[in-house]
Amino acid sequence: MFNVDLKSFSDRRYRQLGGRLQPVLDTIRGLYERGIWVEVVTLLVPGFNDSTEEIRDLTGFIKSVSPEIPWHVTAFHKNYKMTDPRNTTPDDLLHAVEIGKNQGLHYIYTGNLPGNTGDLENTRCPNCNELLVERIGYRILGSNLTAHGQCPSCKAEIPGRWAPKQ
């Protein structure tokens with residue numbers, strides 16, 4: 001399993017951070033094509049990578065690889081040497097989630113603001129909306145998947161790496 005940080009969808013921004021965008025995109029696509037479980041994480045930084053256009057392009061890319069790749073959009077908090085932008089708010093995250101949903105992503109999670117974005121830390125069935133995995137922060141409060149990673153209500157297969165229940 002790989003978590004890949006997709007920090008921006010702007011090569012100019014990536015170069016400000018000392019990297020390049022295309023190798024990150026190639027890595028995400030390559031991992032997925034090799035059958036390796038991949039999840040994408042974006043730290044949403046106000047004024048850096050939070051424009052509607054950039055979020056639309058970023059989530060559009062993820063969907064072009066697979067709408068089933070989980071996208072974790074997480075809140076920035078001022079810290080250490082990065083104290084200029086304001087903190088990411090729950091509304092900022094909800095705006096990004098809405099764009100991702102409109103782009104067709106099936107699994108979007110918010111992070112770094114536990115309990116402040118509704119049930120967007122949970123996994124729901126994209127077919128029938130059944131609650132499958134309940135979380136707050138990094139804690140799993142409950143799981144409702146079948147032993148084979150299916151929704152118990154509609155029997156849809158839920159992508160992921162699920163350990164069979166003992």
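The values are calculated or read from the model by the stated rules, or taken from the named source; none is laboratory data. Because the structure is a prediction, the values reported are computed rather than measured. When we count neighbours, we look across all protein chains shown, and the Cβ atoms used for this are built from the backbone with ideal geometry, even at glycine.
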(request) Identify, from the list 115, 142, the residue that is exposed (fewer than 13 other Cβ atoms within 10 Å of the Cβ) and either closer than 21 Å to residue 44 by Cβ or in contact with a His (Cβ under 7 Å, 6 or more places away or on another chain) (or both). (result) 115
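Yes/no per residue for (1) out of contact with any Cys (no Cβ under 7 Å at 6 or more places or on another chain); (2) assigned to a helix (DSSP H, G or I); (3) not acidic (Asp, Glu):
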position: 99; (1), (2), (3): yes, yes, yes
position: 102; (1), (2), (3): yes, yes, yes
position: 114; (1), (2), (3): yes, no, yes
position: 154; (1), (2), (3): no, no, yes
(message) Just to be sure before I move on: is residue 85 assigned to a loop (DSSP other than H, G, I, E, B), surrounded by fewer than 19 Cβ atoms within 10 Å (Cβ to Cβ), in contact with a Leu (Cβ under 6 Å, 6 or more places away or on another chain) and assigned by TED's automatic domain parsing to the domain that holds residue 17 in the structure I sent?
(response) no
(request) Collect the residues in the stretch 40-73 that are of a type in the set (A, V, I, L, M, F, W, C) and under 14 Å from residue 107 (Cα atoms), keeping them in residue-number order. (result) 40, 41, 62, 65, 69, 71, 73
(request) From 77, 95, grab the single residue that is free of Cβ contacts under 8 Å to residues at least 60 places away in the same chain and over 17 Å from the mean Cα position of the chain (by Cα). (result) 77
(message) Between a residue in the stretch 105-134 that is on the phi > 0 side of the Ramachandran plot and any residue that is buried (at least 16 other Cβ atoms within 10 Å of the Cβ), which pairs come within a Cβ distance under 7 Å, given they are 6 or more apart or on different chains?
(response) 112/74; 112/75
(request) Considering only residues that are among the charged types (D, E, K, R) and more than 16 Å from residue 71 (Cβ to Cβ), look in the stretch 28-55 and name the one that is surrounded by the fewest Cβ atoms within 10 Å (Cβ to Cβ). (result) 34
(request) Just one of (1) among the acidic types (Asp, Glu); (2) farther than 29 Å from residue 125 by Cα; (3) touching a strand residue (DSSP E or B) at 6+ places or on another chain (Cβ under 6 Å) trips up residue 5, so point out which. (result) (2)
(request) Mind listing just one residue for me: the one in the stretch 151-161 that is more than 18 Å from the chain's Cα centre (by Cα) and under 17 Å from residue 70 (Cβ atoms) and, of those, surrounded by the fewest Cβ atoms within 10 Å (Cβ to Cβ)? (result) 157
(request) Would you please name the residue that is surrounded by the fewest Cβ atoms within 10 Å (Cβ to Cβ), looking only at residues in the stretch 1-27 that are farther than 25 Å from residue 161 by Cβ and of a type in the set (Ser, Thr, Tyr)? (result) 10
